[in-house]
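Notes follow the structure.
The values are calculated or read from the model by the stated rules, or taken from the named source; none is laboratory data. The model shown is predicted, which means the values in this text are computed figures rather than measured ones. Cβ atoms come from the backbone with ideal geometry, glycine included; neighbour counts cover every protein chain shown.
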Amino acid sequence: MDKIAIVGVGQTTYKRKRQADIFYDMVYEVTVKAMQDAGYTLDDIDNVVTVSNDFLDGRTISCMAVQEAAGAHDKNVSTIEGDGTFGAFYGAMRVLGGFGTTLVVAHSKGSEGDPRVITNAMFDPIYHRSLGLDAISSSAIQANAYMDRYGLSEEQFALVSVKNHKNAQRNPYAQLPLELTVDDVMQSRMIADPLKLLDCSPVSDGAAAVIIANEDRAKKARTKPVWIKGVAHCADAYFLGDRDLTDPKALKDAAKRAYTMAGINTPIKEIDLVELYDAFSYMEPLWLEGMGFCDPGKGADITEKGITALDGKLPVNPSGGVLSAHPVLVAGLTRIIEAVLQIRGDAGEHQIDGVNTALAHGLNGPCGQSHCVWMLGRK
Amino acid sequence: MARRVAIVGTGQTHHKSHRIDVNGKELINEAVTRALDDCELTIADIDAIIIGNMDHFESINYVDTWSIEGSGGYMKPIMKVTTGGTTGTSVAIAGYYHVASGIFDKVLCIGWEKNSESDTTTAIVTCSDPIWDRFSYSGAIPSLATEASAYMEQYGATQEDAAYVAVRERTHAQNNPYAQMYNRPITIEDVMNSAMLTYPIKLLDVCPRTDGACAVVFAAEGVAEKIAPQPAWIKSCSVRHTTTWFGDVDYNTGMLSLKRASREAFETAGIKSPVDEIDVAELYLPYSYAGLKWIEAIGFCGPGEGPRFIRDGNTNMGGKLPINPSGGVMSTNCIGATALLRTAEAAIQILGKGDKRQVPDVTNAMATGFGGCWWSDVIILSKDKP
């Protein structure tokens, strides 16, 4: 793979409701921020990839609402409908395929739709939709299966929520900086057994953008380039009953291929930081297992041992993660942005010392059916 | 360095208004199986998949993950592309970049739609801005009618001129057993006597709604030649999705996005005189008047010359530049697949697999996509490597 880098990033603050902003406004805000970050003007943007979802936006051809705001006027442009990590991957392919730079921008407003109706529409219209399955209830099934298989407790998951909301206190973009105890999480309102309110990510509005450049064009950026060392995606079977929900094998496959591209042999030793898609507290340990940082069933242990804390050996979600702000689609791009900021040393109060190699992760579909893994590096 | 990329195989369903014999995944699988058979590959050979359709037509969210059993995406990389009417060409262009990037060698592109399960216009209405555009330019027809009347006013074109385009499409469709309108030819009188929808557009001036799917296999240089004796090389692809509001479209200046995308695509492909160097074109013409005006935007003839160019038979089979040997969008319109069908049909002409709709001696072929807010995609394919 040719050398390509992320040279500019921009994000809105994430809020429960950004009432004053239409999609266009949010996309414009982060497009300008990413260009300013890179020291680029619109002339430096060769092409654009927008990321949106018609269900979330309540609009057919949801990308239509943001083309000009994304600076796509009279430029080549396309749209990925899925998590921002997938959109950014396509943006990277377009740089490898001939463009000098790609701007990737994602937006969503959870406040304008009903997340239950929208995520219920992921499920099979004949067999599963009428059961009432949605993102939360399907994840509850996965959490139960995970606890059952490895004898895990709800308290172990609660600890992840405590850690990530605490981390969010250092991140000015996060929506839910909270000082919590395991008891607080345990006593929060039950949403879908075993998931309680504080095990679940919030409904959020926001947008994010990154600029990807080839080696030559990266030199013209103001920022220190963060190199894309490897990226891969993979999808598991569709029906929940066809999957082993405790074995994230699509994630394993994506991680393996991303590690091979990046020359990573022992992830726990060679990766300095992880920003992963913790839409629910139990997901963090499960995805860490899938990424090969520990043995199956041991993901919760490494959180208990403090390994994933800000001052641990492998800080996970120093930004506060998806638990602290969950603009759907945008959230994966935010993981990439946070990894970039950490590698550049620009993460501010949640900066981790000496981050050379970071992993960013996003997903699509129920219970993490489809995953995308990014390896980013200083060199 | 970007790699050279070619189309090595295509597959499509037998298109109908209602395919009640299959569900969405089975429809997808029909096209996928045919594409893989066409290039003698199995799903195990495929490195990545791109799929596209319009969410609100079938009301399925995350079609990439939903479609796995139909697409063959189990434990494979798959992503979804959606850009409205241009979805099919957006999917094809994504296939191109998947391979050109050097990351994947063989990529499967899928476009599909089961319009019989949708309330298509209700869904399309929501693409317009809810405050400014939805009460004037809602659905597909109003902005097309604006363009058509402006064109007639500007150049004195007639409803009959447009009917020639409609008849050409349906005549060509009689050579294409996959087309929805196969075995259903029409005459100029049929078009002129069909029901007026929105002046000057009549029922037979517009595309139908179709259940159908299309799949196309892209491969990298070095791999492609081993799969297809004559791969269809991608010379260029260009996209212009500029406008957001229908009110911002200038309906008088010609089709600006198509003009600009064509210009860039021809330049990259080294084509100086499109009408002489393009041997066959599969154009996304959603209604008959586009067949007059948009060929001017592409540069096949001058402004206002479209009607004469069509009436002289230049674009018929056997003419100087056959357009839509497949019968085009007005004979088959499974929306998410429609622009991918244009790409596939253009590739078929280079692969030499057109059977009764084959145009002889094709070196360069052109495919376009249209959709969104007057957006255009252009892909140039060739027997020759770029």
Margin query: Looking at the range B:258-265, can you tell me whether even one residue there is touching a helix residue (DSSP H, G or I) at 6+ places or on another chain (Cβ under 8 Å) and either of a type outside the set (Gly, Ala, Ser) or surrounded by fewer than 20 Cβ atoms within 10 Å (Cβ to Cβ) (or both)?
Written below: yes
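Okay, residues lined up against (1) within 14 Å of chain B (Cβ to nearest Cβ); (2) assigned to a strand (DSSP E or B); (3) more than 20 Å from residue A:260 (Cβ to Cβ); (4) of a type in the set (Asp, Glu):
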| position | (1), (2), (3), (4) |
| --- | --- |
| A:309 | no, no, yes, no |
| A:320 | no, no, yes, no |
| A:328 | yes, no, yes, no |
| A:338 | no, no, yes, yes |
| A:354 | no, no, yes, no |
| A:360 | no, yes, no, no |
Next item on the list: Quick one: in the range A:58-72, of everything that is within 7 Å of chain B (Cβ to nearest Cβ) and among the polar types (S, T, N, Q), which residue is surrounded by the most Cβ atoms within 10 Å (Cβ to Cβ)?
Entry: A:67
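Restricting to the range A:124-160, what's the tally of residues that are within 11 Å of chain B (Cβ to nearest Cβ) and over 29 Å from residue A:27 (Cα atoms)? Spell out how you get there, then give the answer.
Residues of the range A:124-160 that are within 11 Å of chain B (Cβ to nearest Cβ), as a first pass: A:124-126, A:128-129, A:134-135.
Then keep just the ones that are over 29 Å from residue A:27 (Cα atoms); that gives A:124-126, A:128-129.
Here the count works out to 5.
So which helices (runs of 4 or more DSSP H) are wholly in the range B:69-164 and hold at least 2 residues that are at pLDDT 95 or above?
Answer list for the range B:69-164: B:87-100, B:141-155.
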Margin query: Against the conditions (1) more than 10 Å from chain A (Cβ to nearest Cβ); (2) over 19 Å from the mean Cα position of the chain (by Cα), where does residue B:167 fall short? Just the number, please.
Written below: (2)
Next item on the list: Can you confirm whether the range A:17-24 contains a residue that is touching a Ser or Thr at 6+ places or on another chain (Cβ under 7 Å), closer than 26 Å to residue B:120 by Cβ, in contact (Cβ under 8 Å) with a residue 40 or more places away in the chain and within 8 Å of chain B (Cβ to nearest Cβ)?
Entry: no
Next item on the list: Give the residue that is nearest to the other protein chains (Cβ to nearest Cβ), with candidates limited to residues of the range B:94-116 that are of a type in the set (D, E, K, R) and farther than 21 Å from residue A:57 by Cα.
Entry: B:114
Notebook entry, point to check: Can you find even one residue in the range B:91-114 that is within 27 Å of residue B:207 (Cα to Cα), among the polar types (S, T, N, Q) and buried (at least 24 other Cβ atoms within 10 Å of the Cβ)?
Noted result: no
Notebook entry, point to check: Do we have any residue at all in the range A:114-127 that's touching a residue at least 12 places away in the same chain (Cβ under 8 Å), within 30 Å of residue A:35 (Cα to Cα) and crowded, with 24+ Cβ neighbours inside 10 Å?
Noted result: no
Check: Within the range B:125-138, is even one residue under 13 Å from residue A:60 (Cα atoms), of a type in the set (Asp, Glu), at the interface with chain A (Cβ under 10 Å from one of its Cβ atoms) and out of contact with any strand residue (DSSP E or B) (no Cβ under 6 Å at 6 or more places or on another chain)?
Finding: yes
Notebook entry, point to check: Looking at (1) more than 14 Å from chain A (Cβ to nearest Cβ); (2) modelled with pLDDT under 95, which is the one condition that is false for residue B:309?
Noted result: (2)
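Mind checking which residues of the range A:7-27 are among the small types (Gly, Ala, Ser) and within 16 Å of residue A:346 (Cα to Cα)? Walk me through it before giving the result.
Taking the range A:7-27 first, the residues among the small types (Gly, Ala, Ser) are A:8, A:10, A:20.
Those that are among the small types (Gly, Ala, Ser) and within 16 Å of residue A:346 (Cα to Cα): A:8, A:10.
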Note to self: For the range A:29-57, give me each residue that is crowded, with 24+ Cβ neighbours inside 10 Å, aliphatic (A, V, I, L, M) and more than 13 Å from chain B (Cβ to nearest Cβ).
What the structure shows: A:30, A:34, A:38, A:45
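Please state which one of A:274, A:231 is buried (at least 21 other Cβ atoms within 10 Å of the Cβ) and at the interface with another protein chain (Cβ under 10 Å from one of its Cβ atoms). Lay out the reasoning, then the answer.
Numbers: A:274 fails: at the interface with another protein chain (Cβ under 10 Å from one of its Cβ atoms).
Going through A:274, A:231 in turn, just one is buried (at least 21 other Cβ atoms within 10 Å of the Cβ) and at the interface with another protein chain (Cβ under 10 Å from one of its Cβ atoms): A:231.
Would you pick out the residues in the range A:179-193 that are of a type outside the set (S, T, N, Q) and either over 25 Å from residue A:113 (Cα atoms) or not in a loop (DSSP other than H, G, I, E, B) (or both)?
Pass one, the range A:179-193, residues of a type outside the set (S, T, N, Q): A:179-180, A:182-186, A:189-193.
Once the filter is applied, which keeps residues that are of a type outside the set (S, T, N, Q) and either over 25 Å from residue A:113 (Cα atoms) or not in a loop (DSSP other than H, G, I, E, B) (or both), the range A:179-193 yields A:179, A:180, A:182, A:183, A:184, A:185, A:186, A:190, A:191, A:192.
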Margin query: Of everything in the range A:194-234, what is within 26 Å of residue A:250 (Cβ to Cβ) and among the acidic types (Asp, Glu)? Give them in sequence order.
Written below: A:199
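Within the range B:40-81, track down each residue that is of a type in the set (Phe, Trp, Tyr) and buried (at least 22 other Cβ atoms within 10 Å of the Cβ). Write out each step before concluding.
First, pick out the residues of the range B:40-81 that are of a type in the set (Phe, Trp, Tyr): B:57, B:62, B:66, B:74.
Correct list: B:57, B:62, B:66.
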Item checked: Single condition residue A:260 does not satisfy, out of (1) of a type in the set (S, T, N, Q); (2) within 13 Å of chain B (Cβ to nearest Cβ); (3) touching a Phe, Trp or Tyr at 6+ places or on another chain (Cβ under 7 Å) -> (3)
Checklist line | Single match in B:365, B:344 (criterion: modelled with pLDDT of 95 or more, assigned to a helix (DSSP H, G or I) and among the small types (Gly, Ala, Ser)) | finding: B:344
Checklist line | From B:37, B:21, residue being assigned to a loop (DSSP other than H, G, I, E, B), more than 8 Å from every other protein chain (Cβ to nearest Cβ) and free of Cβ contacts under 8 Å to residues at least 40 places away in the same chain | finding: B:21
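Filter the range B:181-234 for residues that are aromatic (Phe, Trp, Tyr) and within 24 Å of the chain's Cα centre (by Cα); which is nearest to residue B:159 (Cα to Cα)? Break it down into steps so the answer makes sense when it comes.
Going through the range B:181-234, the residues aromatic (Phe, Trp, Tyr) turn out to be B:182, B:199, B:218, B:233.
Checking which are within 24 Å of the chain's Cα centre (by Cα) leaves us with B:182, B:218, B:233.
Working: B:182: 24, B:218: 40, B:233: 38 Å.
Among them, the one singled out is B:182.
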